[in-house]
Structure formats: C-alpha cells, structure tokens
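One structure is given below, encoded as structure tokens.
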Amino acid sequence: MAISKGLQSQALLSVRHGADLTLSRDVYGGPGPIHESEMMGLRERVSRKTHQINGRIIGRTFFVNRIVAVAGLDRTAADGRIPLSQGRWFEKDGEVLAGYGLAGIFNLQPGVRFSLAANPDQLFTVAGILRPHTLWDSDLLIMSIADAQSFFRMKGYLTEIRIQSSSEPSHPAPDPRFREQEKRIKKDSPPLHLMNRQEAELFSSKGFQFKNGVFILFSILLVVLTIPALLISSGLGARESIQEIGLMKSMGWSRTHILFLTALEYGSVSLIATGLATVSSIAWMKLTNGFLLAKFFIAEVGLVPAFQIPTRYLPLPSLTGLFFALLILSAGSLWGAWYGTRKAPFEALH
C-alpha cells in the first residue's frame, strides 16, 4: 500500500506542476498525431499575453533491451528548471538528456554518442544527466521536438498541445476569463480532446485506484492465513487458559474482569504486531529499497531497483491491519475465555 500511494502521489505531483490545459487527439482508442498548423491556428486565436501555447511529443522506444520514455520539447520554451546532475541542457540538434537510471545501467556520460534500434541512422549525443527527482525521470530521454519528429518519422506532427496560463504557471487559474477561454478553445477545436488539470488529476487518481486491484491477491492470501490463525488462537493453549481462568475465579475475579483482561491482552498483542509489521515494512523499503518486492508493483524494475522506490505511509493501512488482528484474535480467544468463565473453579482446575 505504501508503494501504491507513493506512485500515486508522484503522478499527481506531475499533474499539479503540468499545463493548465492539454489538447490531444484520440485515434482508435489511443493518442493520435496533431499537425503543427493546428497549434499555429490556436496561437492566432488565443492571446499570447495571458497564455503560453507549446507542443510536445511523448513516445516510447527501446534502449538496448530496456523500455524508455521519449519526450520531445520545444527548445525555446523548455523548462530549464529540470535539475541536472551532470552536463547542461540540450542546445543543438542531436543532443539529449538521459535519465539517471539509464546513465547508471549503461554508463552514460555527457559527450557519449549512441543510436537506437527504432531509427539507427539517427545519432544522439548525451548533453546532460537528469538528477533523481521523481520516478519518471529514471528511464527517460529528453530531446528537441525536431529530433523527436525525425526519430519517430512524424515530421510536422505533435502528440500534445499544452496551454499554460502566464500569470500562475503552477496552479489552476481561477480567473473567469481563463474559463471562458477554455470553453472557446474547446468549441474551436472539435477534433481535439481538451483536458484541464482537474480532469487529469481525477483520471490519474482513478487509474491508480484501479491498479490497486493487484492487492486482491494479497487479500486472498490474508483469508487463507486467517483460517489457521483462527484455529491456533482458539485451540492452542485452551486447556491451560481454562485452568488459569478457574484459578482467577477462585481468587475472586468476576467474569467481567476476566473478559476485560483477555481483551486487554490480545489488544496489546495486536497493537505490537501491527507496529512491528509497519516498522518492518518501513525498514524493508528504506534500507533495501524494496528488494524482491518492488518488481510486483512497478514494471521493468527487476530484483534490485535502479532508482528510489517512492513510498508513502498513511495511518489507514496500519489501522486496517490492527482491526484484522483484533478480529482474528478476538474471534478465537474471547469465546474461549467466556467458555472458561462458565465452569466452576474446581472443575476448571481439575
């Protein structure tokens, strides 16, 4: 759950720092190309004083045997705030920025030249290495739009048009004029799909909630382990427990006191177990970076992740674990304690 919430928080962080509006084209259920003339026409209709309109290309390819994301950005409007650990921002044709994961695996350094199997005739030169900032920066190649168009053989086309408010670039613009402009853009561009930041955040949250279905397997495992746990908690040491209850009754303990003590004991056991499980999870993720576990949640990770696995620990999973521990122990133990209080002390001690 911590890995899932960590991935979701990073995805939402990318959405919140993205464009205010994104125009894309759906073709047969997937993203389709947008001609640059459509972006030019949009720039003529929208005021440049209040909006910045830029295109980009998002795709993927193989770097040797590893799937990587490719981002083609406008060199003049590229976000120079992206942190680099080595080198500089790309300035010439053929220069790219490489993700820190790729640089570590394939020993990429500024100045290294390479080509990709999808278009071996095009050579690239590493200009800089991205600093570890988010998960998505690990296996990423950033280049100019012209290089991306040439690499994907889609000259004159884009995959997205991004519209950014000039006044507040990192927050949704509350200005009513921006909302009116958004409606006009949607009306003037019927073939294109317009999505604002709020819609992107909603779709991203829904996507990660759907992806959490992988935890159904862990729920089945939990149910399977619950059966022997109930048998153990209800049957193991039942005779000794009844004798102990008989001794306590002979010393003057009432049934209410005995049941309260039993609930307190197993409540403490559940609390300690939940605390140990949470601490063990944090130690596993922080000290070993999700060794052996992260590959079940993130594709292309392997046994030893090459980047920092994002995690976010919230109280709800731990409270849910505490509830299940109390439910399992109480179902088996309180009934045995209540059964023991019904016997006379001499009969229980016999």
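The values are calculated or read from the model by the stated rules, or taken from the named source; none is laboratory data. Owing to the predicted nature of the structure, the values given are computational and were not obtained by experimental measurement. Backbone-built Cβ (ideal geometry, glycine too); neighbour counts: all protein chains shown.
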Quiz prompt | Within the stretch 131-149, tally of residues that are within 20 Å of THR159 (Cα to Cα) and either in a loop (DSSP other than H, G, I, E, B) or outside the structural domain of ILE58 (by TED's automatic domain parsing) (or both) | solution = 1
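Being at pLDDT 85 or above and of a type in the set (Phe, Trp, Tyr) is true for just one of PHE260, PHE297, PHE307. Which residue is that?
On the way: PHE297 fails: at pLDDT 85 or above; PHE307 fails: at pLDDT 85 or above.
Testing whether each residue is at pLDDT 85 or above and of a type in the set (Phe, Trp, Tyr) leaves just PHE260.
So, in the stretch 300-315, how many residues would count as being free of Cβ contacts under 8 Å to residues at least 24 places away in the same chain and aliphatic (A, V, I, L, M)?
Looking only at the stretch 300-315, we keep the residues that are free of Cβ contacts under 8 Å to residues at least 24 places away in the same chain, and these are 301-305, 315.
With the extra rule that they be aliphatic (A, V, I, L, M), the set shrinks to 301, 303-304.
Final tally of qualifying residues: 3.
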Practice problem: Determine which member of the set ILE220, ILE245, ILE258 is under 24 Å from the mean Cα position of the chain (by Cα) and among the aliphatic types (A, V, I, L, M). | Solution: ILE220
Quiz prompt | PHE323 among the hydrophobic types (A, V, I, L, M, F, W, C), touching a residue at least 40 places away in the same chain (Cβ under 8 Å) and either in the same structural domain as SER241 (by TED's automatic domain parsing) or in a helix (DSSP H, G or I) (or both) | solution = no
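Give the residue that is surrounded by the most Cβ atoms within 10 Å (Cβ to Cβ), with candidates limited to residues of the stretch 150-173 that are outside any loop (DSSP other than H, G, I, E, B) and either of a type outside the set (A, V, I, L, M) or at pLDDT 90 or above (or both).
Among those residues, the one meeting the criterion is LEU158.
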Practice problem: Would you mind telling me which numbered condition in (1) among the small types (Gly, Ala, Ser); (2) farther than 17 Å from LEU73 by Cβ; (3) out of contact with any Gly (no Cβ under 8 Å at 6 or more places or on another chain) SER138 fails? | Solution: (3)
Quiz item: What pairs can you find where one residue is in the stretch 18-33 and among the hydroxyl-bearing types (Ser, Thr, Tyr), the other is surrounded by 14 or more Cβ atoms within 10 Å (Cβ to Cβ) and not in a strand (DSSP E or B), and their Cβ atoms are less than 8 Å apart, with a gap of 6+ or different chains?
Solution: THR22/ALA200; SER24/THR159; SER24/LEU192
Practice problem: For the stretch 26-49, state whether one or more residues are in contact with a Pro (Cβ under 9 Å, 6 or more places away or on another chain) and of a type in the set (Gly, Ala, Ser). | Solution: no
Quiz item: Only one of these conditions is not met by LYS295: (1) in a loop (DSSP other than H, G, I, E, B); (2) surrounded by 13 or more Cβ atoms within 10 Å (Cβ to Cβ). Which number is it?
Solution: (1)
Self-check item: Only listed residue being within 28 Å of GLY29 (Cβ to Cβ), modelled with pLDDT of 70 or more and surrounded by 12 or more Cβ atoms within 10 Å (Cβ to Cβ), chosen from ALA200, ALA238, ALA229
Solution: ALA200
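Output yes when any residue across the stretch 131-138 is of a type in the set (Phe, Trp, Tyr), at pLDDT 65 or above and within 26 Å of the chain's Cα centre (by Cα), and no when none is. I'd like the intermediate steps shown before the answer.
So the first thing to find is which residues in the stretch 131-138 are of a type in the set (Phe, Trp, Tyr), and the list is 136.
This time we only want the ones that are at pLDDT 65 or above, so: 136.
Restricting the remaining residues to those that are within 26 Å of the chain's Cα centre (by Cα) gives 136.
The answer is yes; a qualifying residue exists.
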